[in-house]
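Data first, discussion second: the structure below is written as structure tokens.
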Ligand SMILES: Cc1cc2nc3c(=O)[nH]c(=O)nc-3n(C[C@H](O)[C@H](O)[C@H](O)COP(=O)(O)OP(=O)(O)OC[C@H]3O[C@@H](n4cnc5c(N)ncnc54)[C@H](O)[C@@H]3O)c2cc1C
């Protein structure tokens, strides 16, 4: 497995870092304070081609791979996790399922705008009674002649209510399946529900403690009718399809977390060199220097872990365990680095105007979203044949 970035990959990372520092970072404090996602920044990301990074040129993409997408997410995550998760969800949860499982008609209808960042889409899996246990999904979709009738609710759905959100892919129970032993379980499928469809309500955005500039809403479906052609992928393959979606998403969250851990490290180094206490820069106190050294080690480990998982995914190798491990170590790295950086900033680290304060609030969700870290441990244990 290759661990060094190629020149092209390094150039992509540097370009997005530059964009993050000059365009994204200056608006981040205000966007976080006002809980608002900047559609201007999203538009510029679209013009840069970030939403099309891992897709072939034939469908309007940039011809890159999953590693390329994750490099961009890491670069953004250093300075603004809300913007980074907007890209991650738009591509991994919005466009990728359509590219991978969509019909030619669905691809033609949605991919051009999604890959250009002119439209966003969400993926609705989580429900009030079904989070870690997706098998507990209660939302139903019943086929009535040539229409699906969707009833139920979803919660915490990213990118579901922006001014350019085109649709949400909804995981729903479409029937019952009989197993080999005669027992039955739920048949889960995924269905595209366009925003604006009668009966589909996007609730008010949440008052979140972190990722406050990203777009997250509860959704309700009350007798929502969509054409039968809106089934995404094979009927009954919903569960298998979104497991692949989640596995890949874990690599992207790991990249985001690595960016956050790197951002905290950069801030801590700069502050420790210039903040004088007891007549010397605090960096000259060994405890502070060792704390920062630990932060650097965490960033390195996290980056190696997600690079490995992404290169495996791109090479068509099994990557479930590696993705789970990457998400586990990198989200912990982000959380620990955010805590250490905040401590190094002293009282200033408690002020929302500092990046470290925002990372402190933002990083917690990295240990929860796209499968909690307990779920990652379950996945790793199962891959080892235990648990
Ligand atoms: C900002 C934000 C954005 C999100 N975006 C999306 C989105 O776009 N689409 C989407 O579908 N979802 C989204 N989610 C939902 C997210 O994926 C879930 O919150 C997450 O999977 C956890 O589910 P839960 O909240 O229901 O927690 P629960 O499943 O209720 O878990 C509660 C606690 O119990 C633990 N636990 C559960 N089962 C076990 C077990 N067997 N062993 C040990 N511990 C266990 C969990 O690890 C956790 O600590 C988002 C959430 C947030 C906060």
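The rows are residues; the columns are (1) at pLDDT 95 or above; (2) surrounded by fewer than 15 Cβ atoms within 10 Å (Cβ to Cβ); (3) in the same structural domain as residue 85 (by TED's automatic domain parsing); (4) part of a helix (DSSP H, G or I).
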{"site": "2", "(1), (2), (3), (4)": "no, yes, no, no"}
{"site": "19", "(1), (2), (3), (4)": "yes, no, yes, yes"}
{"site": "25", "(1), (2), (3), (4)": "yes, no, yes, yes"}
{"site": "29", "(1), (2), (3), (4)": "yes, no, yes, yes"}
{"site": "32", "(1), (2), (3), (4)": "yes, no, yes, yes"}
{"site": "37", "(1), (2), (3), (4)": "yes, no, yes, no"}
{"site": "43", "(1), (2), (3), (4)": "yes, yes, yes, yes"}
{"site": "46", "(1), (2), (3), (4)": "yes, no, yes, yes"}
{"site": "51", "(1), (2), (3), (4)": "yes, no, yes, yes"}
*Inspect the stretch 61-71 for any residue being more than 16 Å from residue 252 (Cβ to Cβ) and in contact (Cβ under 8 Å) with a residue 60 or more places away in the chain and give the result as yes or no.*
no
*Candidates 154, 208, filtered to the one that is within 22 Å of the chain's Cα centre (by Cα) and in a loop (DSSP other than H, G, I, E, B)*: 208
*Please work out which one of (1) more than 11 Å from the ligand (Cβ to nearest atom); (2) modelled with pLDDT of 95 or more; (3) surrounded by fewer than 24 Cβ atoms within 10 Å (Cβ to Cβ) is the condition residue 127 fails and give its number.*
(1)
_With the requirement that a residue be surrounded by 14 or more Cβ atoms within 10 Å (Cβ to Cβ) and more than 7 Å from the ligand (Cβ to nearest atom), what does the stretch 131-141 give you?_
134, 137, 138, 139, 140, 141
*asked:* Considering only residues that are out of contact with any helix residue (DSSP H, G or I) (no Cβ under 9 Å at 6 or more places or on another chain), within 16 Å of the ligand (Cβ to nearest atom) and in a helix (DSSP H, G or I), which ones fall in the stretch 211-239?
replied: 238
*Could you please let me know if residue 304 is closer than 25 Å to residue 246 by Cβ, assigned by TED's automatic domain parsing to the domain that holds residue 248, modelled with pLDDT of 95 or more and not in a helix (DSSP H, G or I)?*
no
*Can you tell me which residues in the stretch 346-383 are over 18 Å from the mean Cα position of the chain (by Cα), touching a residue at least 24 places away in the same chain (Cβ under 8 Å) and closer than 26 Å to residue 245 by Cβ?*
377, 379, 380, 383
*Only one of 25, 89, 84, 31 is farther than 24 Å from residue 250 by Cα and within 16 Å of the ligand (Cβ to nearest atom); which?*
31
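The values are calculated or read from the model by the stated rules, or taken from the named source; none is laboratory data. In this text, all values refer to a predicted model and were calculated from it rather than measured experimentally. Neighbour counts are summed over all protein chains in view; Cβ atoms, including those assigned to glycine, are modelled from backbone coordinates with ideal geometry.
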